[in-house]
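See below for the structure under consideration.
Each value in this text was obtained by applying a stated rule to the coordinates, not by laboratory testing. Note that this is a predicted model, so its numbers are computed, not measured. Reconstructed Cβ throughout: ideal geometry from the backbone, glycine too, with neighbour counts over all protein chains shown.
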Amino acid sequence: MNKLLLIAAFSLGAFAATAIEKDTTAVDTSFRFTTIKENKITPVKNQASSGTCWSFSAIGFFEAELLRMGKPEVDLSEMFVVHKSYSDKADKFVRMNGTSNFAGGGSFYDVMYTLKNQGIVPDSLMNGYNYGEDKHRHGELDALTRAYVDVIVKNPNKRLSTAWKAGFDGILDAYLGKIPTEFTLKGKKYSPITYAQSLGLNMDDYVSLTSFTHHPFYSKFVIEIPDNWRWEESYNLPLDEFNAVFDNAIDKGYTIAWGSDVSEKGFTRNGVAVNPEVKKENLPGSDQAKWLNISQKEMEEKIYKVKGPQPEVKVTQELRQKSFDNFETTDDHGMVIYGTAKDQNGTKYYLVKNSWGTDSKYKGIWYASESFVMHKTINIVVHKDAIPKPILKKLGVK
């Protein structure tokens with residue numbers, strides 16, 4: 001009996017030792033990132049349940065620009081820009097007889113236009129929480145404003161009321177707060193315009209860039225997306241030069257306002273954005289028979305189950321264009337690119353500041369692979385000095 005127990009104990013010990021050995025020698029396929037370059041940014045914010053990423057990202061970009069310029073950190077009001085932009089958007093929607101876009105989305109240029117022509121205020125003076133919430137929840141506001149402008153376009157009185165715009169702005173005031181006309185900061189009086197001017201940002205120094213073939217390179221065109229309701233133009237670059245702008249900007253200490261498509265399955269909710277190959281034969285451990293006998297949904301779940309580095313798409317100019325033309329690349333989300341990193345395989349990633357709060361793996365920061373960024377970027381905004389001089393010359397930007 002004791003001999004049997006001894007043998008059993010020895011066997012269990014050997015099994016445990018084997019298990020421990022297997023655990024310690026297992027291949028770690030999770031992502032391991034090493035930062036290459038990291039430029040200054042302001043803290044991550046939370047747009048919550050609102051379609052205002054365009055305001056959060058562009059405001060975050062300009063806050064980072066102030067840090068780059070050696071100025072003190074500021075917290076600017078995203079909802080000031082939202083209030084002004086919704087009001088302007090309503091004007092255009094009515095003038096266009098309801099044929100222009102009217103929704104919660106917008107573009108980086110909305111923020112640039114506001115800063116240049118309408119000013120800005122600190123977030124402490126206008127945080128937009130005027131409707132019993134402590135997070136941005138714009139479902140009711142967006143539904144109300146859309147219903148309002150739809151009624152105005154129907155023109156039930158056969159003549160536009162002189163009160164319609166005041167009524168619309170009254171909704172914005174009720175939900176987002178009234179626009180301050182004058183305020184005092186550190187003992188000095190400002191209006192929104194004079195406060196914006198005091199920051200020292202020159203909107204004429206910033207340019208929007210993109211890369212598509214349905215317009216000539218080195219020219220400007222209006223990107224055909226609904227959220228570009230102000231019809232602002234972007235400079236068009238070949239993909240290799242577009243890519244060069246990203247790297248030159250980060251290397252020289254600049255951040256980038258990044259408009260992209262995050263509806264892609266490769267844009268995970270755990271802080272990583274990748275662009276995996278979908279060729280079945282390139283998937284680790286796969287074979288033709290295995291993939292031919294499962295549904296499309298099951299196949300996509302396996303392809304996009306992102307646990308670590310994997311082969312990614314080689315992005316070409318033609319692929320970018322095809323994805324845009326087929327509405328596979330859409331204008332979904334604005335963020336801030338502020339640095340670069342690499343994974344354990346040496347693959348390059350961009351450091352991305354998101355506006356979904358800090359309740360995520362990397363506390364609100366995403367690692368977006370170069371393949372994802374080059375494939376799924378709609379446009380970027382950068383300071384003109386962040387663009388390589390030979391490219392600036394081709395664009396005619398001075």
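A few notes on this one:
- Residue pairs exceeding 24 angstrom between C-alpha atoms, taken from Lys84/Lys116; Lys45/Lys189; Lys71/Lys393; Lys353/Lys384; Lys116/Lys189: Lys45/Lys189; Lys71/Lys393.
- Shape category assigned to the stretch 142-265 from the gyration tensor of Cα positions, a/c cut at 1.5: oblate
- Packing-based exposure ordering (other Cβ within 10 Å, fewest first) of Tyr113, Tyr131, Tyr190: Tyr131, Tyr113, Tyr190
- Listed by Cβ neighbour count within 10 Å, with the fewest neighbours leading, Tyr148, Tyr86 appear as Tyr148, Tyr86.
- Anchor Lys135: aspartates and glutamates whose Cα lies under 19 Å away (excluding residues fewer than 8 positions away in-chain): Asp75, Glu78, Asp123, Asp173, Asp359
- The chain: angle of helix 164-176 to the longest principal axis, Cα-based, in degrees nearest 10: 40
- Cα centroid separation, the stretch 189-247 to the stretch 350-364 (Å): 24
- Divided by 2.2 N^0.38 Å, where N counts the residues, the Cα radius of gyration of the stretch 136-201 comes to 1.56.
- Under the criterion of Cα pairs below 8 Å and six or more residues apart, the relative contact order for the chain equals 23 percent.
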